[in-house]
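In what follows, a single structure is set out as structure tokens and then discussed.
The values are calculated or read from the model by the stated rules, or taken from the named source; none is laboratory data. Everything numeric in this text was worked out from a predicted model, so none of it was measured. Quick reminder, even Gly has a Cβ in these numbers, built from the backbone with ideal geometry, and neighbours come from all protein chains shown. In case anyone asks, the SASA skips ligands and DNA or RNA and just uses the protein heavy atoms, side chains included. Shrake-Rupley method; radii C 1.70, N 1.55, O 1.52, S 1.80 Å.
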Amino acid sequence: MAVVAMSKFELTGLLCEQNEILDALQKTGALELTSESDKAQETEPASGGNHELLSSQLSRVRKCIQAISDAGEKSKEAEEKSASKRAQNAIAREETQAESQTRISVQEKDFSDTLLITREEFFEIGKKSNELFRIVEKTEEEQKLLAERRAERNKINNLKSQLAVYECVPDAFSDFCDSKNTRCFFGTADGSKIDALSECLNGIPLVSCQIFSKDRQAVLCVVAYESSAERAAMELAEYSFSKCPFSDSVSAKQKIAELDKRCEVLSEEEERIGKETASHCARLKELKIYCDYLSYCVEKAAAEENFFKTQKTFSLKGYIPAEAFAQVKAALEEVTGAFVCNAYAPSDEDVPPTLLRNRGPAKAAEFVTNMYSVPDYREYDPNKFVFLFFMVFFGLIMADIGYGVLMLAGGSILLARLKVENGLKKLTRIIFYGGLFTIAFGALFGSCFGFSLYTFLPDPTSGSRTDVLTILLGCLALGLLQITVGYVLSAVNSFRKGAVLDAICDAFTWILFNVGLFFAVFNFLTGYFEIPVAAGIENFFSIMTLPGVIMAGAGLVGAMLTAGRKERFLGKFTKGFGALYGVINLLSDVLSYARLFGLMLSGMIIAQQFNGIGLDLIGAGGIGYVFGPLVMVIGHVFNIAMGVLGAYIHDCRLQYIEFFSKFYTGEGELFTPLGSQFQYVHFIR
């Protein structure tokens, strides 16, 4: 059984040894804690404030890691640019490139997303807490300084954009000032109306106007005697005049030059601060481990808030695999002898987490099943059947030896490189096994990169009506088989719950109908569509036609009569007619499997079309020798990419809708042991 039996676990220990006990439980990887909603706390949780403090520290460490990583990436880019320039120097070229590659390889190693460590290394990092947090504080100071420099630089850039308007003025800003008898208006106005403004001002006595530029923001200086100043000011206001905000004793160009020098200083300081931050890359691995260690401490602190506590003791509850009790007890005995623990079977009201233990190919199917929903703890794990049908359908859709070899090779390389059991590795397993089944079906159809090597199974691209209908009906037969298996698994789940009557009425009746339907219509369909069948097979189904009709009728009548057994009065009849309508749903589900044929046919035709175009170009000679193979390669890359994507999506749809709807409950929760959810580290077993 792939769903591992779980036990409820209870432990009571001394409060002073709580941390050591939890660490020991984490090392086993076998305990998922549960909260106690009905507990009666005799003391206030000691970890309430600690939880908030640890969460704050965790947030700071994560920001520190991000800052160091970003600084390291910038430093790496700078090194690459520097190496490229030095490589142009023929005298030191080889030495420089080797030196650069060494630096880059070291940095890439430091930036690895997943760290493979032992549990001893994980807990050892806690002893470096003060040392590592000093790096965090140093990085925070550097980031603060960096933010200040960037803010100042942004301020300077804004100032420069304002000064740029006045670059056309050669005089210092301080020269434009009022005198004893005159007023000076220096600033900008609407450039589109500057000529009209100039005419108005010239019409005012004792007013002089000098225009420095007629851009969108025109720059001008107006000098007026006191007697005419007010009128001049009114005219300027009408034309959106804005007074110059600067009064420095230098010109705009000189001021901009000063600001440019300050920007250079700021850039140098930012570069220096960035290098200081990047220098912490050597400790990045430790910081990442420490980050996940803090994450575990936060998880512990949150869990401790739900423990039942007295002044001297604490109690916790959770779930462990039934087989792991001896291991858990032994781990606890290594750290303390003052504890009491017990494990017992969960009751019917309990909702244990689901721990799946599949091996080999069936393990790959967990990725597909869990994307829909994790199996309920008390239902049959369908992953073996999901794998079989998923891969058969996948191989049938792709059905090409060449494509299968590429998928198999790519999957093998990725599986060898991926050390951590993450989503990418699980998906890679699907591609790997899909490649095997693609090769198998490609061999049956004799197809390799769209070229037909030989004929074993009917060729759906031949244009023959018989070949097409044979493959199409074969796909529908596969669909009927999977749906029937779904009803078998529904019966298995009912038997596991002790609901024998449900298994007979809701599952076996439809199994009987499906099997009978297959026997009843086989010879009719093959004869009607003129599909050649071996004489022995035809004779067998001739004998089974009448029993098939009886089986299908008995199954349908049984489903109708028993569908309303749990209803009252009119519900008994309506449910029966609902079962009759279920035949239409069943046939609709079976027809959904025609997509297998459609996807397979489209993939084969696309491959053949690209081959035809490529061969025509090659046959034309000349440049066609280059473009012909190129078209074929690009075409097949496109076809395999779209084929894999389409096969995965439609294959999943058949599992989730047509297959799972017949038996699958789902809604389970994956078993998540204490201290198992980390961002960076992965434990070496």
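Here are the numbers for the structure shown:
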item	result
Odd one out for PHE456, checked against (1) in contact with a helix residue (DSSP H, G or I) (Cβ under 8 Å, 6 or more places away or on another chain); (2) more than 30 Å from GLY614 (Cβ to Cβ)	(2)
Where MET371 falls short, out of the listed (1) out of contact with any helix residue (DSSP H, G or I) (no Cβ under 8 Å at 6 or more places or on another chain); (2) of a type in the set (A, V, I, L, M); (3) surrounded by fewer than 20 Cβ atoms within 10 Å (Cβ to Cβ)	(1)
Breaking point among (1) modelled with pLDDT under 95; (2) closer than 21 Å to VAL468 by Cα, for GLY582	(2)
Filter result for the condition that a residue is acidic (Asp, Glu), open to solvent by less than 80 Å² (accessible area, probe 1.4 Å) and either more than 30 Å from GLY318 (Cβ to Cβ) or not in a helix (DSSP H, G or I) (or both), over ASP616, ASP651	ASP651
Among residues of the range 420-472, those that are closer than 30 Å to PHE522 by Cβ, in contact with a Leu (Cβ under 7 Å, 6 or more places away or on another chain), open to solvent by less than 40 Å² (accessible area, probe 1.4 Å) and part of a helix (DSSP H, G or I), counted	2
Those residues of the range 149-192 which are outside any helix (DSSP H, G or I), open to solvent by 50 Å² or more (accessible area, probe 1.4 Å) and farther than 21 Å from GLU258 by Cα, in sequence order	CYS177, ASP178, SER179, LYS180, ASN181, ARG183, ASP190
Pairs where the first residue, in the range 403-425, is under 19 Å from THR114 (Cβ atoms) and the second is β-branched (Val, Ile, Thr), C-beta under 6 Å, 6+ apart	LEU414/THR428; LEU415/THR428; VAL420/THR114
Failed condition for SER35, given (1) modelled with pLDDT of 50 or more; (2) of a type outside the set (A, V, I, L, M, F, W, C); (3) within 30 Å of ILE320 (Cβ to Cβ); (4) surrounded by 15 or more Cβ atoms within 10 Å (Cβ to Cβ)	(4)
GLU366 being surrounded by 14 or more Cβ atoms within 10 Å (Cβ to Cβ), over 19 Å from PHE683 (Cβ atoms) and out of contact with any strand residue (DSSP E or B) (no Cβ under 6 Å at 6 or more places or on another chain)	no
Unique residue being buried (at least 18 other Cβ atoms within 10 Å of the Cβ), more than 26 Å from LEU146 (Cα to Cα), at pLDDT 75 or above and touching a strand residue (DSSP E or B) at 6+ places or on another chain (Cβ under 8 Å) when the list is LEU11, LEU22	LEU11
Positions within the range 489-500 being part of a helix (DSSP H, G or I), touching a residue at least 60 places away in the same chain (Cβ under 8 Å) and open to solvent by 30 Å² or more (accessible area, probe 1.4 Å), in sequence order	VAL492, ARG496
Pair list, Cβ < 6 Å and 6+ apart or interchain, from the range 215-244 residues that are more than 19 Å from GLY191 (Cβ to Cβ) to residues that are among the small types (Gly, Ala, Ser) and surrounded by fewer than 17 Cβ atoms within 10 Å (Cβ to Cβ)	VAL223/SER208
Some residue of the range 566-578 being over 26 Å from VAL392 (Cβ atoms), touching a Leu at 6+ places or on another chain (Cβ under 7 Å) and part of a helix (DSSP H, G or I)	yes
Matching option when the condition is farther than 18 Å from VAL492 by Cα, more than 25 Å from the chain's Cα centre (by Cα), open to solvent by 20 Å² or more (accessible area, probe 1.4 Å) and of a type outside the set (Ser, Thr, Tyr), among ALA399, ALA345	ALA345
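Residues are listed down the side, and each one gets a yes or a no for (1) open to solvent by less than 50 Å² (accessible area, probe 1.4 Å); (2) more than 28 Å from PHE519 (Cβ to Cβ); (3) at pLDDT below 95:
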{"residue": "ILE537", "(1), (2), (3)": "no, no, yes"}
{"residue": "ILE550", "(1), (2), (3)": "no, no, no"}
{"residue": "LEU556", "(1), (2), (3)": "yes, no, yes"}
{"residue": "ALA559", "(1), (2), (3)": "yes, no, yes"}
{"residue": "THR562", "(1), (2), (3)": "yes, no, yes"}
{"residue": "GLU567", "(1), (2), (3)": "no, yes, yes"}
{"residue": "LYS572", "(1), (2), (3)": "no, yes, yes"}
{"residue": "GLY578", "(1), (2), (3)": "yes, no, yes"}
